[in-house]
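The values are calculated or read from the model by the stated rules, or taken from the named source; none is laboratory data. No experiment lies behind these values; they were computed from the predicted model shown. We place every Cβ from the backbone using ideal geometry, glycine too, and count neighbours over all the protein chains shown.
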Amino acid sequence: MKPAIQSEVNKGLNRYVVFVYILTIVLIFLSKYISPSFGSFAQIKAILVLSSLTVLVALGQGLVILTGELDLSVGKIITLSGVLTSMWLGNGDENWLMAIPIFAILLLVGFLNGYGVAALKIPSFIMTLAMSMIIYGCILGYTKGTPDGMSPRLLEKLMASNWFGLPSPIYVLIVVAIAGYFLQSRTKLGRTMQVIGSNRTAAHYAAIPVKRTIIFAYMISAVCAGLTGMILVGYSGGSTLNLGDAYLLPSIATVVLGGAAISGGSGNYLGTVGAAIFLTTVSTIIQALGISIGWQNVIYGLMILVVLILYRKDIYQMLQHQLRGWSTKKQEAA
Amino acid sequence: MSIKARKLFVLSMIMLIVLFITACGNSSGSSNGGSSSGGSSQSGSAAGSDGGGSGSETKKKFKVYLSLSYSGNAWQNEAANIVEALAKTPPYDEMVELKKVISGADVQKQISDYQSMIADGADAIISFPISPTALDSVITQACEQGVLMFMYDATVTNECAYNVSYITAGQGQNTAQWRVNQLQGKGKIFMSRGVSGNAVDIMQYEGAMSVFNRYPGIEVVAEYYSDWDDVKTKTNTLKALAAHPDVDGIWAEAGEYGAIQALQQTGHKMIPVTGENSNGFRLALKNYANEGLTGVSGGSPPATSGFAFKIMMEMLTGQLSKDEVPHNIEYPLPWVPYDQVTVCEGSMFENGCNAFPEDKVQTSFVTEVFNKDLVPEISLESALEGKPTPGMTIQPIPKEMIKQAPDIPGINCTNCNPPEDLYPLNLELVRPFDQ
């Protein structure tokens with residue numbers, strides 16, 4: 001039963017990805033009925049700008065999920081990188097050589113995550129949760145509560161600029177989407193991760209370097225989260241100790257909503273990008289409904305569930321299976 | 001593999017920690033250098049005060065605890081630094097032993113922290129309370145032991161503690177009236193709120209709505225919780241701007257600088273924004289006023305902690321008696337309209353200046369750390385690093401500045417009657433345009 005569902009997902013994957021994009025476009029079109037200014041170029045620009053950061057974190061998270069693991073430390077890695085960027089790069093002299101130790105720390109954190117998970121077999125959510133606590137403790141100790149420095153001028157200018165009528169975060173989104181797609185679906189590394197995620201034992205017997213690949217996935221994830229932190233500092237003009245907290249759950253949600261299996265082995269990065277844009281669109285539209293904040297959250301949660309149930313074939317079939325079992329039981333009882 | 005692997009893992013973990021410690025070492029090294037220089041100037045000024053004839057003999061120091069909720073935003077740190085700087089300013093440096101405890105966002109932790117402070121023989125506790133009601137029984141315990149309890153900014157209902165706060169000073173209704181005046185009673189606005197369910201957010205929001213509801217021409221087209229955070233305010237404002245590009249004004253709680261950034265990012269024309277005290281906002285008010293950013297800056301001042309600490313010290317030393325200090329003390333609302341923003345040259349609010357150049361502090365720095373009447377001892381360095389201002393001694397509080405705040409049940413008292421009008425306008429700051 002399970003393998004059948006699995007292959008179904010893989011077959012339907014591209015159709016699903018196209019569906020996410022079409023749904024988003026339809027939503028933007030329909031939103032004209034909520035606010036007349038919706039459907040405009042300005043709205044689409046705003047949505048893409050807001051999606052760009054989630055898309056970048058979700059790239060690393062997606063690779064880790066592809067190998068069948070999870071990275072719960074991305075939120076704190078974003079904060080770590082943001083704080084170090086403002087303290088080491090934004091302290092006035094803007095010595096960009098200081099970016100080297102920042103990236104070294106990011107790679108080390110990713111390496112430790114991967115090493116703990118792959119070599120020491122520590123469950124990934126424990127390992128990465130512990131790592132995020134350690135990181136947070138270090139930041140709190142180092143900054144004594146308030147990060148010094150500010151956003152490096154260059155970064156701030158870069159994030160606030162417009163090229164050919166488009167704000168720069170949109171270019172970030174496009175570059176990341178293309179790079180992520182190639183990395184995940186067109187390189188050997190990406191395919192290796194997929195094989196590891198779908199059957200780790202088989203991968204091991206096929207002489208695939210399982211440990212090394214998982215460590216790579218975590219290192220890429222740490223760098224993606226780190227870049228997000230840097231961009232976020234440029235985008236917001238400074239860093240705080242909860243800079244990255246809002247990005248952890250969206251990074252996982254977009255990957256899953258984008259068609260990847262949370263158990264690993266399948267996924268398409270373009271789906272993730274589509275899901276990020278879709279979720280931002282939904283939240284933008286809901287906010288414009290002018291209903292109370294509580295109901296906004298309820299609708300947001302329901303939208304995610306409805307989309308998943310209707311168009312993720314595996315989940316839909318599982319639900320049908322459950323309902324069938326329930327109705328036969330009822331009949332038997334009658 | 002396992003033993004070798006484990007060794008390697010432990011080794012690399014140690015490496016990580018060492019890396020951080022060396023990094024910390026660097027920064028604390030520099031700050032040590034700073035504080036030692038601060039120390040020398042401090043001893044210099046202490047000698048000066050001795051010469052001045054205060055001639056304090058060595059007696060038992062008062063044991064005072066500073067209990068914070070969470071640490072990690074500019075406001076909380078500045079407030080704590082102000083208390084630390086005052087405790088090091090002569091003659092308090094010879095009279096007080098100050099210990100700082102961070103309780104986090106968990107009210108149970110703060111309760112147990114208070115208990116250990118009481119057990120340790122504290123003379124006084126100055127604190128940012130996490131909850132107005134949950135600390136009730138531990139505060140009663142403290143009072144029974146003769147511990148003086150002072151709360152700043154956030155309040156408690158227990159009447160044996162003292163609240164020093166701007167919460168009753170009407171931030172919501174006064175900024176809202178200003179907003180209405182600028183729009184001549186007509187227009188679409190956004191409301192960027194704080195943390196949902198928080199008493200401060202409710203007071204500010206209800207205060208603002210009490211004004212907006214009087215003007216049928218004012219339409220609140222979007223309302224969102226931004227948790228007093230710049231990035232969240234920016235994100236939410238971007239979303240709201242996509243739906244309502246024809247918005248005429250924004251009423252924001254702390255995090256207001258994010259709203260300005262959102263306007264800039266979308267290339268939207270500048271519109272009037274009201275907000276709290278961030279340096280970024282004040283500078284923006286100055287720089288973009290002629291483009292249409294006509295707003296007012298007024299909100300929660302970190303200097304409240306310093307005012308609370310000084311009243312507490314004067315009670316400990318007997319300069320103020322119990323009957324002179326009410327349970328609820330009001331801190332005046334900072335109020336800086338766009339045409340009064342002036343950038344400071346030094347590190348104090350002098351000659352009417354009320355903001356700092358952008359290369360001196362982060363945009364999120366909360367400017368209201370100064371008050372020439374209540375805490376003249378504080379400089380920018382005090383707020384940023386907890387250092388005393390060289391050459392400064394503690395100035396007595398003018399008694400007429402200790403003003404009783406109105407009672408608000410559930411927020412700063414329990415069995416009490418609220419005033420008839422919970423949200424009165426301060427007519428010295430703003431008058432309705434149509435009256």
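Counting residues that are under 27 Å from B:Gly258 (Cβ atoms) and not small (Gly, Ala, Ser), which helices (runs of 4 or more DSSP H) fully inside region A:32-150 reach at least 3?
Fully inside region A:32-150 and qualifying: A:41-66, A:74-84, A:124-143.
Test A:Leu323 against the criterion of being exposed (fewer than 12 other Cβ atoms within 10 Å of the Cβ), modelled with pLDDT of 85 or more and part of a helix (DSSP H, G or I), and give yes or no.
Here the answer is no, as A:Leu323 does not meet what is asked.
Can you tell me which of A:Ile208, A:Ile174, A:Ile196 is on the phi < 0 side of the Ramachandran plot, crowded, with 22+ Cβ neighbours inside 10 Å and either part of a helix (DSSP H, G or I) or of a type in the set (A, V, I, L, M) (or both)?
It is A:Ile196.
Quick check on region A:315-327. Is at least one of its residues closer than 30 Å to A:Arg200 by Cβ and among the basic types (Lys, Arg)?
Within region A:315-327, not a single residue is closer than 30 Å to A:Arg200 by Cβ and among the basic types (Lys, Arg).
Do you know which residues across region A:242-267 are within 10 Å of A:Leu66 (Cβ to Cβ) and outside any helix (DSSP H, G or I)?
Selection gives A:Ala260, A:Ala261, A:Gly264, A:Gly265, A:Ser266, A:Gly267.
Residue by residue through region A:290-303, note down the ones that are surrounded by 14 or more Cβ atoms within 10 Å (Cβ to Cβ) and either in contact with a His (Cβ under 7 Å, 6 or more places away or on another chain) or farther than 12 Å from B:Tyr224 by Cα (or both).
A:Ile299, A:Tyr300, A:Met303
Can we say A:Gly137 is small (Gly, Ala, Ser), over 21 Å from the mean Cα position of the chain (by Cα) and under 17 Å from B:Gln362 (Cβ atoms)?
no
Of (1) modelled with pLDDT under 80; (2) surrounded by 17 or more Cβ atoms within 10 Å (Cβ to Cβ); (3) over 13 Å from A:Thr281 (Cα atoms), A:Pro36 satisfies all except one. Which?
A:Pro36 satisfies every listed condition except (2).
I'm trying to understand the selection: among the residues of region A:31-55, which are more than 9 Å from chain B (Cβ to nearest Cβ), over 21 Å from A:Gln194 (Cβ atoms) and in contact (Cβ under 8 Å) with a residue 24 or more places away in the chain?
Of everything in region A:31-55, those that are more than 9 Å from chain B (Cβ to nearest Cβ), over 21 Å from A:Gln194 (Cβ atoms) and in contact (Cβ under 8 Å) with a residue 24 or more places away in the chain turn out to be A:Leu48, A:Ser51, A:Ser52, A:Leu53, A:Thr54.
Across region B:132-148, what is the number of residues that are assigned to a helix (DSSP H, G or I) and either among the hydrophobic types (A, V, I, L, M, F, W, C) or in contact (Cβ under 8 Å) with a residue 40 or more places away in the chain (or both)?
Adding up the residues that qualify gives 4.
Inside region A:104-133, can you point out the residues that are more than 8 Å from every other protein chain (Cβ to nearest Cβ) and under 30 Å from B:Asn77 (Cα atoms)?
A:Ala104, A:Leu106, A:Thr128, A:Leu129, A:Ala130, A:Met131, A:Ser132, A:Met133
Scan region A:145-155 and give yes if some residue there is of a type in the set (Lys, Arg) and either within 9 Å of chain B (Cβ to nearest Cβ) or in contact with a helix residue (DSSP H, G or I) (Cβ under 7 Å, 6 or more places away or on another chain) (or both), otherwise no.
Among the residues of region A:145-155, not one is of a type in the set (Lys, Arg) and either within 9 Å of chain B (Cβ to nearest Cβ) or in contact with a helix residue (DSSP H, G or I) (Cβ under 7 Å, 6 or more places away or on another chain) (or both), which makes the answer no.
Might you let me know whether region B:410-427 holds any residue that is within 29 Å of B:Asn77 (Cα to Cα), surrounded by fewer than 17 Cβ atoms within 10 Å (Cβ to Cβ), within 22 Å of the chain's Cα centre (by Cα) and not basic (Lys, Arg)?
Yes: region B:410-427 contains one or more residues that are within 29 Å of B:Asn77 (Cα to Cα), surrounded by fewer than 17 Cβ atoms within 10 Å (Cβ to Cβ), within 22 Å of the chain's Cα centre (by Cα) and not basic (Lys, Arg).
Could you check B:Asp50 against (1) under 30 Å from B:Gln395 (Cβ atoms); (2) among the charged types (D, E, K, R); (3) modelled with pLDDT of 65 or more and say which number it fails?
The number of the failed condition is (3).
Out of all the residues in region A:205-221, is one or more within 14 Å of chain B (Cβ to nearest Cβ) and within 30 Å of A:Thr240 (Cβ to Cβ)?
The answer is yes, given that some residue of region A:205-221 is within 14 Å of chain B (Cβ to nearest Cβ) and within 30 Å of A:Thr240 (Cβ to Cβ).
Just to confirm my filter: which helices (runs of 4 or more DSSP H) fall fully inside region B:249-325 and include at least 1 residues that are farther than 25 Å from B:Arg193 by Cα and of a type outside the set (D, E, K, R)?
Correct list: B:304-316.
For region B:284-296, state whether one or more residues are touching a Ser or Thr at 6+ places or on another chain (Cβ under 7 Å), more than 14 Å from every other protein chain (Cβ to nearest Cβ), aliphatic (A, V, I, L, M) and in contact (Cβ under 8 Å) with a residue 60 or more places away in the chain.
Yes, some residue in region B:284-296 is touching a Ser or Thr at 6+ places or on another chain (Cβ under 7 Å), more than 14 Å from every other protein chain (Cβ to nearest Cβ), aliphatic (A, V, I, L, M) and in contact (Cβ under 8 Å) with a residue 60 or more places away in the chain.
So, in region B:165-204, of the ones that are surrounded by fewer than 23 Cβ atoms within 10 Å (Cβ to Cβ) and among the basic types (Lys, Arg), which residue ends up nearest to B:Pro216 (Cα to Cα)?
The qualifying residue nearest to B:Pro216 (Cα to Cα) is B:Lys186.
Output the residue which, of all residues in region B:172-209 that are in a loop (DSSP other than H, G, I, E, B) and of a type in the set (Gly, Ala, Ser), is nearest to the chain's Cα centre (by Cα).
Going through the qualifying residues, I end up with B:Gly194.
State whether one or more residues within region B:215-224 are in a helix (DSSP H, G or I), surrounded by fewer than 24 Cβ atoms within 10 Å (Cβ to Cβ) and away from every other protein chain (no Cβ under 11 Å).
Within region B:215-224, not a single residue is in a helix (DSSP H, G or I), surrounded by fewer than 24 Cβ atoms within 10 Å (Cβ to Cβ) and away from every other protein chain (no Cβ under 11 Å).
If a residue must be touching a residue at least 12 places away in the same chain (Cβ under 8 Å) and outside any loop (DSSP other than H, G, I, E, B), how many such residues does region B:77-131 contain?
So the count comes out to 34.
If we scan region A:268-279, do we find a residue that is out of contact with any strand residue (DSSP E or B) (no Cβ under 7 Å at 6 or more places or on another chain), modelled with pLDDT of 80 or more and in a loop (DSSP other than H, G, I, E, B)?
Yes, region A:268-279 contains at least one residue that is out of contact with any strand residue (DSSP E or B) (no Cβ under 7 Å at 6 or more places or on another chain), modelled with pLDDT of 80 or more and in a loop (DSSP other than H, G, I, E, B).
Name the residues in region A:79-97 that are surrounded by fewer than 24 Cβ atoms within 10 Å (Cβ to Cβ) and within 11 Å of chain B (Cβ to nearest Cβ), would you?
Correct list: A:Met87, A:Trp88, A:Asn91, A:Gly92.
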